[in-house]
Amino acid sequence: MRQGKLSISNGWLATGIVASAIVIDQIIKIWVKTNMTLHESIRLFDWFYISFVENNGMAYGMQIGSKLALSLFRVVAIGLLAYYLCTQVRKQAPKGYIVCLSMVLAGAIGNLIDCMFYGMVFNASSEAYTSYFVDFGTGYAPFLMGKVVDMFYFPLIVSTWPQWVPVWGGEPFIFFSPVFNYADANISVGVALLLLFFRKEVSQIGAKSEAGGEADEKTGAEAGMNVKAGKPSKSVEA
C-alpha cells in the first residue's frame, strides 16, 4: 500500500472552513446578544474590548443604500461566490486559493444569517436589558431586515488630533475605531490574502470569460466563412 502525506480534498476543505466559520460566528453573536445589553462594553485589554453594537449595513458598520436592497445584494453575491468556489474545487485550484474563497464565503453567509433570521427570532436589543429568543416570526423585524451583531473593538491608538490639523484639530483620534464581528474578519483576511498571494487567479476571473467569448465569436466567424465558400464545417467526432 502506498504511503504518503494525508491529503484532504478541496471539496471537504471548503466545506469544513465554511461550516466551522459560520458556527463560530453564530456562537459568538448569540452569546453577545443574549448576555450583553446594547452598547455594553467589556474591557479585556487597553487595546481590545467586547462592545455590543448592531448595524444595518455592510462590514465594519458601513451603511450603503436601503436595508432590503443590501440584503438582496448579499443573497445574489453569495450565490455567485458559492458557484465560483464550486467551479474552482472541481478544477482542483490551489488549496490556498480555496481557503481564501471559503473564508470570504463563510463571512458573507454569517452576516446574511443575521439579516435573514435575527429579526424573526430575537426581541429588539436595548440598553436596559439583554435580548432573548422569541417565537419564530414574532421578533423585532421581518425576514431579511434583521440587524448585524458586531462586538470586536480594537482601539489600538487613542489620542487627539493636533490643533494645527484642519477640520479635525483638537478632536479625539482613535485607531482602529470600527467595531466588527468574526464574519467581517473572515471576509477581510480572505480578501487580503487573495490580493497578496493569488492576484493571478483573481485577475483571471474576468479574463477567462472574455477569452471564452472571443473564442466562440472566432468559431462562429470561421463557420460562416466556410458556409459562404461552400466548405463543410468542422465537426467533432465522439
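The values are calculated or read from the model by the stated rules, or taken from the named source; none is laboratory data. Only a predicted model underlies this, so the values are computations on that prediction, with no experimental measurement involved. Cβ coordinates were reconstructed from backbone atoms using ideal geometry, including for glycine residues, and neighbour counts include every protein chain displayed. Remember, those area values only see protein heavy atoms, side chains included, never the ligands or the DNA or RNA. Shrake-Rupley method; radii C 1.70, N 1.55, O 1.52, S 1.80 Å.
What does the charge count around Asn10 come to, taking other residues whose C-beta lies under 10 Å from its C-beta (Lys +1, Arg +1, Asp -1, Glu -1)?
+3
Filter the cross-link list Lys95/Lys147; Lys67/Lys200; Lys29/Lys147; Lys29/Lys95 down to pairs whose alpha-carbon distance in this structure exceeds 23 Å.
Check vs 23 Å cut-off fails for Lys95/Lys147; Lys67/Lys200; Lys29/Lys95.
Which of the GluC sites (Glu not before Pro) found in segment 22-129 are in a DSSP loop and have at most 13 neighbouring Cβ atoms, other than their own, within 10 Å?
Filter output for segment 22-129: Glu127.
Accessible area, 1.4 Å probe, largest first: how do Met145, Met116, Met36 sort?
Met145, Met116, Met36
Could you tell me the center-to-center distance, by alpha carbons, between segment 99-151 and segment 71-88 in angstrom?
Cα centres, segment 99-151 to segment 71-88: 20 Å.
If a paramagnetic tag sat 7 Å from the Cα of Ser126 along the Cα-Cβ line, which residues of segment 21-59 would have the backbone N under 13 Å from that point?
Flagged as within label range: 37-38.
Given a 1.4 Å probe and the protein chains all in place, what does the accessible area of Thr138 round to, in Å² to the nearest 10?
Counting only protein heavy atoms, Thr138 exposes about 90 Å² to solvent.
Measuring from label point to label point, each 7 Å out along Cα→Cβ, what is the Leu195 to Thr138 span in nm?
With each label point 7 Å from Cα toward Cβ, the separation is 4.7 nm.
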